[in-house]
Amino acid sequence: MKRTRWYKDAFIYQIYPRSFCDSNGDGIGDLRGIISKLDYLKELGVTAVWLSPCYKSPNDDNGYDISDYRDIMDEFGTLEDWEEMVEGMHKRGIKLIMDLVVNHTSDEHYWFQEARKSKDNPYRDYYIWSKGKGKNGKKPPNNWTSRFGGSAWEYCEETDEYYLHLFTKKQPDLNWKNPKVRQEVHDIVKYWLDKGCDGFRCDVITYIAKEDGLPDGRWNIALRGDEHFNNHPTIHSYLHALNKEVLSNYDCMTVGEGPGMNVENAIKYTSEENEELDTVFTFEHMNTDTYFQLIPRKFKLSRLKKVFAKYQHGLRNKGWNSLYFENHDQPRCLPRFVGDYGPYRKQAAKMLAVALYMQQGTPYIYQGQEIGMTNYPWKSLDEFQDVMVKYVMGVINKIAPFLKGYVFKVMKWRARDNARTPMQWNDEENAGFTTGKPWLPVNPNYKEINVADAMKDEDSIFHFYKKLIRFRLGNKIIIHGTFRQMYEKSNDIYCYERSYEGQRLMVICNFKNKEVGFKLPAEVVYDSAELVLHNYDYDRKLEDMKLRPYEAMVFLLK
Ligand code: NOJ
């Protein structure tokens, strides 16, 4: 099978199905809701959808805990709905990328239900079991922590052993050392590719291989054990086999979620000759406004630019990058990266799009980003639904209850539920998301921020995204061009040049909510400069100028 590597010239839209569109009034988004919005996606111009998990699941972690990999979650619909959805996408020239969650299953998956019964059950080795430590074996086997807080081990009475769960205790980790587990994953991947899906986003894929002997991790304030299961060397043979035996037989794509990823590892996973993954999601740029990936830290543009440049240069001709500011695990990017935008919400959102998407890599939009949706005004900790908040609160209540107020402040800004409030379709009840009671409250700003209004307003963020997407698709300078940064140290301006076969794009973005002076760098020499993207409605020449608040421009230089 010839791999066309279509992902290098794609624009991908992430759907979090629970919050996208509800067709049957139960307050939960579903596949028929997605079907009803396919024309909208076509109009926006995206060429692929990454769909967060829609498989059968008890929903401890909203579908990232799968109990049947070959069927659809009851709340979301049926396999027939899925088939109609994928057919509708393909008819519109949109590909479908499914979420592949195979670091762990749900504890309600048949394999785990069997595995927990006895030590000699045929499914026992599908998971990772160990005897407890301490005098009477009542201490967890090692000090690894769940990514959500607390020990990563849960005691199982039936066999007097613990099982590993790097997420919630309802998400037991699969044992990839077992060839049967690897074969099961191959079969699942083949099943969906044969049904017509076009690729996979591989959930926490860098965690699948664990160190033999499960040694203690070095001390860390919250995330212990990483060095023994994140990017473990054995992972490469597992991914290579999956690629050779299954993926390479299809013209599909994979994007691996890589917490703790660095340039060197990203190259190992995505270099074409290694034949593992096609692309990865890295996190470094998302941690430029935190300490220890946890505690809020004032955003500084120079930090973000440094990370961007590192990956733009580092992966060039060696691997392939992904470009994103939002997803279902991150708070909304407004005002995260632009500060207090005041009356300039539209300009700020458009500027962020220019800054990010003129770089090299596969671009992703998360639902609602294209209309500038914002974080929710949470009033108390009880409002959050996310299991991560519940885990964190469990730990805080146990060890430092006096920190509750501070944790609420952090969660207001950081909680994943910020990105999971229902999609704002119009200014009617529940923002047009459902006729029932939405599973998570709708952001009260839906009267001003919604798709219907954005589509009517020629100057909206939505229309700017449409323009940007059309400009980017097929544009060889953006897909293949070199990257050169100017104004490297500036905390106000992000300025870079992309260059390919004698043609150049010059990108200038003001990250400040006020006017900022711009001096055209002396090395920028050209015969003609055409303004091809601009988030203000007047003409600009490429020269020394005062940039308006959040002004963003792209010039085509010849
Ligand atoms: C990463 C997913 O994006 C997140 O939502 C989930 O909680 C964890 N992996 C566990 O599957």
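Readers should treat all values here as calculations from the given coordinates under stated rules, not as data from a laboratory. These figures come from a predicted structure and were not determined experimentally. Cβ placement follows ideal geometry from the backbone for every residue including glycine, while neighbour counts extend to all protein chains displayed.
Here are some notes:
- Sum of side-chain charges, Lys131 neighbourhood, beta-carbon under 13 Å (Lys, Arg +1; Asp, Glu -1): +3
- Cut-off 11 Å between beta-carbons: net charge of the residues surrounding Tyr344, Lys and Arg +1, Asp and Glu -1: +4
- Euclidean distance of C-alpha centroids, segment 489-515 and segment 54-85, integer Å: 43
- Binning the C-alpha pair distances of segment 106-173 at 5 Å intervals from 0 yields a P(r) profile of 4, 20, 28, 25, 16, 6, 1 %, listed from the shortest bin outward.
- Dipole-positive endmost among Asn491, Tyr155, Gln369 within the chain (Cβ charges, Cα centre): Asn491
- Whole-number D in µm² s⁻¹ for segment 179-320, Kirkwood Cα-pair radius fed into Stokes-Einstein, 20 °C, 1.002 mPa s: 129
- Computed over the chain, relative contact order equals 14 percent, with contacts defined as Cα pairs under 8 Å that lie 6+ residues apart.
- Counting charges near Asp74 (Lys, Arg +1; Asp, Glu -1) among other residues having Cβ under 11 Å from its Cβ returns a value of -4.
- Histogram of C-alpha separations across segment 286-351, 5 Å bin width, %: 3, 14, 21, 24, 20, 11, 4, 1, 0
- For q = 0.16 Å⁻¹, Debye-computed log10 I/I(0) when each Cα of segment 1-138 counts as one equal scatterer: -0.87
- Segment 274-309-segment 176-204 distance, computed between alpha-carbon centres (Å): 28
- Cα centroid separation, segment 12-43 to segment 353-428 (Å): 20
- The relative contact order of segment 179-320 comes to 22 percent, based on Cα pairs under 8 Å that sit 6 or more residues apart.
- Largest first, the three principal axis extents of the alpha carbons in segment 103-259 are 54, 34, 23 Å in whole numbers.
- 5 Å-binned pair-distance histogram of segment 479-557 (Cα, whole percent): 3, 15, 28, 28, 17, 8, 1, 0
- Segment 1-57: radius of gyration over Cα atoms, expressed as a fraction of 2.2 N^0.38 Å: 1.33
- Rg(Cα) / (2.2 N^0.38 Å) computed for segment 142-219, rounded to two decimals: 1.31
- Panel order for Met73, Met351, by other beta carbons found within 10 Å of each beta carbon, from fewest to most: Met73, Met351.
- Taking the C-alpha atoms only, the angle from helix 179-194 to the longest principal axis of the chain is near 40 degrees.
- More than 18 angstrom apart: percent of Cα pairs within segment 257-311: 39
- With distances taken between every two different alpha-carbon atoms, the chain has a Kirkwood hydrodynamic radius of 24.5 Å.
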